[in-house]
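J.: Quick one: the structure is below, and I'll ask about it shortly.
The values are calculated or read from the model by the stated rules, or taken from the named source; none is laboratory data. Since this is a predicted model, take the numbers as computed values, not measurements. Every residue, glycine among them, receives a Cβ derived from its backbone with ideal geometry; neighbour counts consider all protein chains shown.
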Amino acid sequence: MKNLLLLGIIICLFSGCLEKDDPKKLAHTKWELTELPGLTLPANAKATLNFGDSLAVNGKSFCNSYGGKVEIVDRKIKLKDIISTRMFCQETDAAERAYVQAINQVNKAKVTEEKLILLNDEKVLLIFKKAD
């Protein structure tokens, strides 16, 4: 009986941890990129990621604007049907290409009150802070 009670407590605690990382918490939030591992971000431009109704997504990838949809299945997140403007901005080109490549590889998200971390399995791809 003690083992069954202990197992029940462990399951409740684990479920609470999973709920904290629920990608559905992203609805109606706005984020600004703070880190793209392996790359220094341009000082003169920002990348943003905004989640709206029905988890539609849009933002700015330093130079270009983009939009698309978010799909959440079995606690996995995928940004899909991403469309973008096609302007060339020499100063931000490397960061733009790296951002777009990373956003297309996302399959997992971790959300806290002030931080959004987008991952591919356990590899950190993009780190955002909550925007005003």
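J.: Go through Lys46, Lys30 for me and flag whichever is of a type in the set (D, E, K, R) and in contact with a Gly (Cβ under 9 Å, 6 or more places away or on another chain).
T.: Sole residue among the options that is of a type in the set (D, E, K, R) and in contact with a Gly (Cβ under 9 Å, 6 or more places away or on another chain): Lys30.
J.: Let me confirm something: among Val111, Val70, Val57, which residue is touching a residue at least 60 places away in the same chain (Cβ under 8 Å) and in contact with a Leu (Cβ under 8 Å, 6 or more places away or on another chain)?
T.: Going through Val111, Val70, Val57 in turn, just one is touching a residue at least 60 places away in the same chain (Cβ under 8 Å) and in contact with a Leu (Cβ under 8 Å, 6 or more places away or on another chain): Val111.
J.: Can we say Pro42 is at pLDDT 95 or above and not β-branched (Val, Ile, Thr)?
T.: Against the criterion (at pLDDT 95 or above and not β-branched (Val, Ile, Thr)), Pro42 qualifies.
J.: Any residue at all in the range 75-94 that's surrounded by fewer than 20 Cβ atoms within 10 Å (Cβ to Cβ) and on the phi > 0 side of the Ramachandran plot?
T.: Yes, there is a match, as at least one residue in the range 75-94 is surrounded by fewer than 20 Cβ atoms within 10 Å (Cβ to Cβ) and on the phi > 0 side of the Ramachandran plot.
J.: Report those strands (runs of 3 or more DSSP E) wholly inside the range 22-74 carrying at least 1 residues which are charged (D, E, K, R) and over 18 Å from Gln105 (Cβ atoms).
T.: Per the criteria, 29-35, 56-61.
J.: Just a yes or no: is a residue in the range 29-38 exposed (fewer than 13 other Cβ atoms within 10 Å of the Cβ), at pLDDT 90 or above and small (Gly, Ala, Ser)?
T.: Looking for residues that are exposed (fewer than 13 other Cβ atoms within 10 Å of the Cβ), at pLDDT 90 or above and small (Gly, Ala, Ser), one finds at least one in the range 29-38, hence yes.
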